[in-house]
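To keep things clear, I will list the structure first and then write my remarks on it.
The values are calculated or read from the model by the stated rules, or taken from the named source; none is laboratory data. Computed from a predicted model, the values in this text were never measured in an experiment. Ideal geometry is used to build each Cβ from the backbone, glycine not excepted, and the neighbour counts take in all protein chains shown. Ligands, DNA and RNA are stripped out before the accessible areas are found, and what is left, the full protein with its side chains, is counted by its heavy atoms. Shrake-Rupley method; radii C 1.70, N 1.55, O 1.52, S 1.80 Å.
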Amino acid sequence: MPTKKLVTSYEQDLKLFPDMWHKVGLIAALAFLLVFPMVASAKWVTIANLTATSIVGAIGLMILTGFAGQISLGHAAFLAVGAYTVAVLGNEFQVPWWLGMPLAGMAAALVGLAIGPFALRLRGLYLAIVTIGLLFLVAHVLHSFGDITGGVSGIAVPMYTGLGDATFDAPWEFGDYEIPFEKKLYLVYVTIAVGAALVSKNIQRSDLGRAMIAVRDHDLAAAVLGVNPARTKIIAFALSSFFAGVAGAMFAYQQQYITIEPPFDLNMSVQYIAMIVLGGIGTTFGAVAGAIGFTVISPLAESVGRHIPFLSENLTSAQQSTVLFAVVVCLFLIYEPLGLLGFWLRIKRYFSAWPFKY
Amino acid sequence: MLSVQDISLSFSGVKALDGVSIEAESGDLLAVIGPNGAGKTSLFNCISGVYQPQKGDVRLEGDSLLQYSAHDIASKGVARMFQNLALFDQMTVLDNMLLGSHHLYKTPWWKNLMFGKAARREEIEHRERIEDIIDFLHLEQYRKMPVGILPYGILKRVELGRALAMQPKLLLLDEPAAGLNSEETEDMARYILDIKEELGITQILIEHELHMVLDLADHIAVLDFGKRIAFGSPDEIRKDPAVIEAYLGGEEE
């Protein structure tokens with residue numbers, strides 16, 4: 001009896017869900033995503049929305065840092081560009097959200113393209129420094145156009161639907177059943193996050209992803225193989241900042257009122273790097289798992305931290321979650337440098353070898 | 001086919017290459033030998049666009065390669081195997097070889113984001129071609145393994161396969177048999193002859209294993225301290241006093 005379906009064509013090798021178990025997993029995941037908002041409380045639906053936002057942002061950083069190997073500490077700058085694009089477009093021109101989101105992505109991608117040529121000449125730490133510079137530059141520009149961005153006092157983000165003055169935060173009503181704002185957002189955000197993960201997976205398994213990984217691992221060899229390193233890096237920058245811009249727009253629409261820093265500061269950039277490291281560098285799975293792990297860990301820490309004797313007496317709940325998160329990251333770096341991906345691979349290996357040990 | 005005309009390359013004072021010329025006819029198997037530091041790999045670097053020679057010209061089928069950057073030279077049909085492997089460890093054997101056909105992909109990059117029918121069809125076309133190379137080099141059992149876990153002898157073959165996947169007109173082999181045991185060296189020699197006879201690809205071979213060079217090559221160029229000291233058929237080289245002096249330390253073999 002074959003233990004798994006035999007691959008009989010090259011077409012089959014390209015499938016994302018090649019056999020029955022993958023399909024079962026897919027259906028189970030979709031069912032979970034559908035059932036989740038029906039049973040979860042408003043707080044956890046909001047956390048899920050933040051998670052979806054983080055997934056899109058982390059995928060953006062994964063394309064740039066994980067696939068193409070360009071370290072960026074300026075990821076928050078691209079999110080800021082996206083967030084302020086939808087805020088300004090909404091306030092000034094009543095642009096609906098479904099148009100605002102792609103426009104936010106494109107605006108951020110343009111900024112990414114603009115700094116791409118500088119990034120080509122730099123690598124490693126030098127690039128990291130320049131991208132920090134970008135972060136301060138974007139914050140400065142947003143501050144200095146205070147009359148349209150609201151400056152330090154921030155700006156409201158209206159989410160127009162495109163039907164006259166109607167906004168998205170009014171609940172949908174079906175008779176006596178009502179879908180509130182956060183659940184409406186959930187439907188939109190989960191769709192975007194799944195789409196982003198699919199695009200990232202497609203990059204990873206196609207010629208484009210191979211070229212990026214080649215540039216990451218050995219750019220001289222990549223060039224001799226016919227990969228244009230400059231072009232590949234610029235594509236990675238543009239795609240990465242597009243996703244970051246969309247994530248920024250998602251963040252802005254959910255918060256409904258945004259300021260420049262916090263949240264769009266160095267801390268946010270570092271958080272995104274922590275996500276992709278926690279998930280496992282270089283894979284789409286890593287970006288998604290890292291974003292989920294990172295976003296879910298703080299509310300979990302809040303509920304766990306209360307029961308840890310020393311922590312609960314001396315620290316606020318925010319500090320508790322920071323400490324617990326730091327411990328988790330340290331443990332990961334020591335025991336599982338591949339991140340959550342390493343866990344996943346081990347589980348997969350266990351089941352494919354079962355009932356044998358290896 | 002390939003003509004390297006009087007090239008000189010120096011690194012602030014050190015003359016790596018000094019007026020070196022070599023010619024290779026289509027279908028030729030040209031060997032370049034010489035002691036360590038003679039400039040053999042520098043010569044390859046000049047041909048594949050990694051270095052720019054300060055003087056002279058490199059022409060492939062009459063077209064000067066110096067105006068192109070490394071990745072354009074690759075798409076002109078120059079493939080290369082590195083002396084110390086330059087494979088991508090985390091990719092599978094298959095992905096490494098597919099990367100070799102990167103310059104043959106016609107799908108615009110943004111179509112890969114959706115990876116739709118057209119992109120898939122092209123991927124499968126290249127896969128079919130790669131499978132022929134895998135078959136030719138007997139790599140079937142390693143196809144889906146990440147390169148990082150494979151033994152050295154196999155890696156050399158994978159790298160040869162990746163170079164072949166580029167559909168080259170000119171193949172530069174930088175010590176393909178270095179670090180291989182005698183059985184693997186024999187296999188490698190067999191593959192090089194097969195590439196010459198079945199595929200008709202022009203090859204330039206750098207090798208220290210003199211038996212292999214003398215048996216395989218149509219012509220041999222000998223470099224020493226950046227200068228070409230001899231050029232000719234294996235029989236002529238074997239008898240050339242300058243070569244014996246430089247390469248074999250003054251002793252008859």
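When B:Gly77, B:Gly100 are checked against the criterion of being closer than 25 Å to A:Ile203 by Cβ and modelled with pLDDT of 90 or more, a single residue qualifies: B:Gly100.
Is it the case that the stretch B:22-45 has a residue that's part of a strand (DSSP E or B) and either more than 25 Å from B:Arg157 (Cα to Cα) or within 14 Å of chain A (Cβ to nearest Cβ) (or both)? If you could, list the steps in order and put the result at the bottom.
Let us first name the residues in the stretch B:22-45 that are part of a strand (DSSP E or B), namely B:22-24, B:29-33.
Now restrict to residues that are either more than 25 Å from B:Arg157 (Cα to Cα) or within 14 Å of chain A (Cβ to nearest Cβ) (or both): B:22-23.
Checked against the condition, which is being part of a strand (DSSP E or B) and either more than 25 Å from B:Arg157 (Cα to Cα) or within 14 Å of chain A (Cβ to nearest Cβ) (or both), the stretch B:22-45 yields at least one hit.
Of the candidates A:Phe285, A:Phe332, A:Phe343, the single residue that is touching an Asp or Glu at 6+ places or on another chain (Cβ under 7 Å), surrounded by 11 or more Cβ atoms within 10 Å (Cβ to Cβ) and among the hydrophobic types (A, V, I, L, M, F, W, C) is A:Phe343.
Mind checking whether some residue in the stretch B:72-93 is outside any loop (DSSP other than H, G, I, E, B), more than 17 Å from B:Ser48 (Cβ to Cβ) and in contact (Cβ under 8 Å) with a residue 24 or more places away in the chain? Yes, the conditions are met somewhere in the stretch B:72-93. For the stretch B:87-107, a tally of residues being facing chain A (nearest Cβ under 8 Å) and of a type outside the set (A, V, I, L, M, F, W, C) returns 8. Scanning the stretch A:126-137 for residues that are open to solvent by less than 20 Å² (accessible area, probe 1.4 Å) and touching a residue at least 60 places away in the same chain (Cβ under 8 Å) gives A:Thr131, A:Leu134, A:Leu135. Figure legend. Inter-residue proximity from the stretch A:329-356: first residues of a type in the set (D, E, K, R), second residues loosely packed, with under 15 Cβ neighbours inside 10 Å and in a loop (DSSP other than H, G, I, E, B), beta-carbon distance below 8 Å, spacing 6+ or different chains. Indicated pairs: A:Arg349/A:Tyr358. Of the residues making up the stretch B:108-166, those that are under 14 Å from B:Leu98 (Cβ atoms), open to solvent by 70 Å² or more (accessible area, probe 1.4 Å) and within 11 Å of chain A (Cβ to nearest Cβ) are B:Glu125, B:Glu128, B:Lys144. Looking only at residues in the stretch A:189-215 that are facing chain B (nearest Cβ under 7 Å) and of a type in the set (Gly, Ala, Ser), the one that is surrounded by the fewest Cβ atoms within 10 Å (Cβ to Cβ) is A:Ser206.
Name every residue in the stretch B:43-101 that is of a type in the set (Lys, Arg) and either buried (at least 23 other Cβ atoms within 10 Å of the Cβ) or in contact with a Cys (Cβ under 8 Å, 6 or more places away or on another chain) (or both), in order of residue number.
B:Arg80
Among the residues of the stretch A:216-254, those identified as open to solvent by less than 10 Å² (accessible area, probe 1.4 Å) and either more than 10 Å from chain B (Cβ to nearest Cβ) or of a type in the set (Asp, Glu) (or both) are A:Ala236, A:Phe237, A:Ser240, A:Ser241, A:Ala244, A:Gly245, A:Ala247, A:Gly248, A:Ala249, A:Met250, A:Ala252, A:Tyr253. Among A:Val141, A:Val95, which is the only one that is open to solvent by 40 Å² or more (accessible area, probe 1.4 Å) and either in contact with a helix residue (DSSP H, G or I) (Cβ under 7 Å, 6 or more places away or on another chain) or of a type outside the set (Lys, Arg) (or both)? Checking each option against the conditions leaves just A:Val141. For the stretch A:255-275, the set of residues classified as open to solvent by less than 50 Å² (accessible area, probe 1.4 Å) and of a type in the set (Phe, Trp, Tyr) consists of A:Phe264, A:Tyr272, listed by residue number.
Is it the case that A:Gly60 is open to solvent by less than 10 Å² (accessible area, probe 1.4 Å), within 14 Å of another protein chain (Cβ to nearest Cβ) and either within 28 Å of B:Glu122 (Cα to Cα) or part of a helix (DSSP H, G or I) (or both)? Answer is yes for this residue.
Considered as a group, the residues in the stretch A:7-57 that are more than 14 Å from chain B (Cβ to nearest Cβ) and in a loop (DSSP other than H, G, I, E, B) include one that is most open to solvent (accessible area, probe 1.4 Å), and that residue is A:Ser41.
Only helices (runs of 4 or more DSSP H) whose full extent lies in the stretch A:83-155 are considered here, and the ones with at least 1 residues that are closer than 30 Å to A:Asp219 by Cα are A:97-120, A:125-144. Inside the stretch A:66-83, can you point out the residues that are at pLDDT 95 or above and open to solvent by 10 Å² or more (accessible area, probe 1.4 Å)? Selection gives A:Val81 alone.
Out of B:Ser12, B:Ser75, one residue alone is among the hydroxyl-bearing types (Ser, Thr, Tyr), away from chain A (no Cβ under 11 Å) and over 30 Å from B:Pro151 (Cβ atoms). It is B:Ser12.
Report yes if A:Lys348 is more than 20 Å from the chain's Cα centre (by Cα) and assigned to a loop (DSSP other than H, G, I, E, B), otherwise no. When the stated conditions are applied, A:Lys348 does not pass them. From the list B:Gly39, B:Gly49, B:Gly19, the lone residue that is assigned by TED's automatic domain parsing to the domain that holds B:Leu223 and over 23 Å from A:Ala221 (Cβ atoms) is B:Gly19. Could you tell me which residue of the stretch A:293-323 is modelled with the lowest pLDDT, considering only residues that are of a type in the set (S, T, N, Q) and surrounded by fewer than 16 Cβ atoms within 10 Å (Cβ to Cβ)? Here the residue is A:Ser312.
Name the one entry in B:Ala38, B:Ala31 that is of a type in the set (Gly, Ala, Ser), under 16 Å from B:Met81 (Cα atoms) and open to solvent by less than 50 Å² (accessible area, probe 1.4 Å). Of B:Ala38, B:Ala31, the one residue that is of a type in the set (Gly, Ala, Ser), under 16 Å from B:Met81 (Cα atoms) and open to solvent by less than 50 Å² (accessible area, probe 1.4 Å) is B:Ala31.
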